[in-house]
Amino acid sequence: MTRVRLAKFIADSGVASRRGAEDLITSGVVSVNGAVVTTPVFFVDNGDTVTVRGHRVVPQDDTRLYVFHKPINVMTTAHDPSGRRTIYDVLPREYKNLKYVGRLDYKTTGLLLLTNDGVLARKLTLPSSEIPRTYVAMVGGADMSTLDAARRGMTVDGITYRPMEIDVMSSDTVRVTVREGKKNEIRIVLRACGHPVRKLHRISFGPIELGNLPVGQIRAVSQKSIDALLKSL
């Protein structure tokens, strides 16, 4: 490996964004070969031992992708100022250096992708990727015909949301597929249609499905599935 800036090494390993990595370095929590480094203008390679807050940063090698079944009442973030539990409080120690792909909000459960490849994580969440994400939502309201507005695309509070694919599964449950990924878009749009969301659960991200993975558990995605996902970009 060619020697690279320390911040890039940390960011490419999925620990933080480039800016976040620089902040970690200047705050004095990063060490290289046992010595604290406080300047981002520092170069390392795979032969160096880099740690952040005492945890070793694993150099990026082959892209790895994982499916995590996010529990309810857990934040998709590395640190929550309000002290709420985060996904990194739930994940086993060996997976704590992984980068999450997009976010699920505090109350939303289901499939969350994790990867060692920070560049891939960013690509998968770009609006231009238009990767379909499918959710099952338990909703209130009785007249399901009002969902046609969401199927056509609608504007709520000045924000325009693209058409959603919605299948009615029962009197209080719908399956929703979106391709844009705006913050809280399903909850916002369905509430505007008269169907406030009571529970929201993601079951797939592109060709990758949650399946019967237990809550709080993680599993590796096969190379075949990774290739299929990359082809969809």
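The values are calculated or read from the model by the stated rules, or taken from the named source; none is laboratory data. All figures in this text were calculated on a predicted structure; none of them were measured in a lab. Neighbour counts run over all protein chains shown; Cβ positions are idealised from the backbone, glycine included. Remember, those area values only see protein heavy atoms, side chains included, never the ligands or the DNA or RNA. Shrake-Rupley method; radii C 1.70, N 1.55, O 1.52, S 1.80 Å.
Hey, what's the Kirkwood Rh for segment 80-151 if you take every pair of different alpha carbons, in angstrom? Write down the numbers at each step before the final one.
Working: mean 1/r = 0.0657 Å⁻¹.
By the Kirkwood definition, the hydrodynamic radius is 15.2 Å.
Filter the trypsin sites (Lys or Arg not before Pro) in segment 183-233 down to the DSSP loop ones having no more than 11 other Cβ atoms within 10 Å, then list what survives. Let's see the in-between values first.
Values: sites: 183, 187, 191, 198, 199, 202, 219, 224, 231; in loops: 183.
Listed in order of number, the matching sites are 183.
Stretched out fully, how many nm does the piece from residue 145 to residue 94 gain, at 0.36 nm a residue minus the Cα gap?
Working: separation 51, 0.36 × 51 = 18.36 nm, distance 4.73 nm.
Net length gain for the segment: 13.6 nm.
Work out, in µm²/s and without decimals, the Stokes-Einstein translational diffusion coefficient of segment 23-150 at 37 °C, 0.692 mPa s, Rh from Kirkwood over C-alpha pairs. Kindly include the intermediate steps, with their values, before the conclusion.
Numbers: Rh = 17.5 Å.
The diffusion coefficient I find is 188 µm²/s.
Considering amide H positions built from the backbone, and no H for Pro or chain starts, which residues 5 or more places from residue 213, or on another chain, come under 5 Å of its amide H?
none
Round to a whole angstrom and tell me the spacing of the C-alpha centers of segment 76-97 and segment 160-233.
Spelled out, the Cα-based centre of one part sits 22 Å from the other.
Which order, highest average first, do 93-106, 150-163 follow once you tally other Cβ atoms within 10 Å for each residue and take the mean per peptide?
93-106, 150-163
What percentages, rounded to whole numbers, describe P(r) for the chain computed over all alpha carbon pairs with 10 Å bin width beginning at zero?
With a bin width of 10 Å, the distribution comes to 7, 29, 31, 21, 9, 3, 0.
For the pairs 123/199; 199/224; 96/183; 96/123, note any where the Cα-Cα span goes beyond 26 Å. Display every interim value, and only then the final one.
Numbers: 123/199 28 Å; 199/224 32 Å; 96/183 24 Å; 96/123 21 Å.
Over 26 Å Cα-Cα: 123/199; 199/224.
Cross-link candidates for residue 231: which aspartates and glutamates have Cα within less than 19 Å, leaving aside residues fewer than 8 places away along the same chain?
The qualifying aspartates and glutamates are 62, 117, 130, 180, 209.
Compute the accessible area per residue over the chain, keeping the other protein chains in place, probe 1.4 Å, unit Å².
Details: 11990 Å² over 233 residues.
Per residue, the chain has 51 Å² of solvent-accessible surface.
Going 7 Å from the Cα of residue 63 along its beta-carbon direction, which residues of segment 172-188 have the amide nitrogen within less than 14 Å of the resulting point?
Label zone hits: none.
In the full protein assembly as shown, how much of residue 209 is accessible to a 1.4 Å probe, in Å² to the nearest 10?
Result for residue 209: roughly 120 Å² accessible.
Considering only protein heavy atoms and a 1.4 Å probe, what is the carbon-and-sulfur percentage of the accessible area of segment 74-200? Write down the numbers at each step before the final one.
Numbers: 3190 of 6360 Å².
Its accessible area is 50 percent carbon and sulfur atoms.
What is the packing order of peptides 18-24, 168-174, taking the mean over residues of other C-beta atoms within 10 Å and listing the highest first?
On the way: 18-24: 16.9, 168-174: 13.3.
The peptides rank, most packed first, as 18-24, 168-174.
Using R₀ = 45 Å, calculate the FRET efficiency as 1/(1 + (r/R₀)^6) where r is the Cβ-Cβ separation of residue 179 and residue 35; round to 0.05.
On the way: r = 47 Å, r/R0 = 1.04.
So the FRET efficiency works out to roughly 0.45.
Any chance you could list P(r) for segment 10-89, counting all Cα-Cα pairs in 10 angstrom bins from zero, rounded to whole %?
P(r) for segment 10-89, in whole percents per bin: 16, 43, 31, 10, 0.
Sequence-distant or interchain residues sharing an amide H contact under 5 Å with residue 173, placed H: which?
Excluding prolines and chain starts, which carry no amide H, the hits are 139.
Using a 1.4 angstrom probe on heavy atoms only, work out the carbon and sulfur share of the accessible area of segment 34-73 in %. Can you show the working numbers first?
On the way: 1140 of 2120 Å².
With neighbouring chains kept in place, the figure for segment 34-73 is 54 percent.
Which FRET efficiency, nearest 0.05, do residue 103 and residue 55 yield, Cβ-Cβ r, R0 25 Å? Spell out each step's value before the answer.
Details: r = 22 Å, r/R0 = 0.89.
E(calc), rounded to 0.05, equals 0.65.
Once you sort the root eigenvalues of the Cα gyration tensor of segment 107-214 as a ≥ b ≥ c, which label holds: rounded (a/c under 1.5), prolate (a/b larger than b/c) or oblate (the other case)? Show your work: numbers first, answer last.
Working: a/c = 2.26, a/b = 1.42, b/c = 1.59.
Because a/c hits 1.5 or more and a/b fails to exceed b/c, segment 107-214 counts as oblate.
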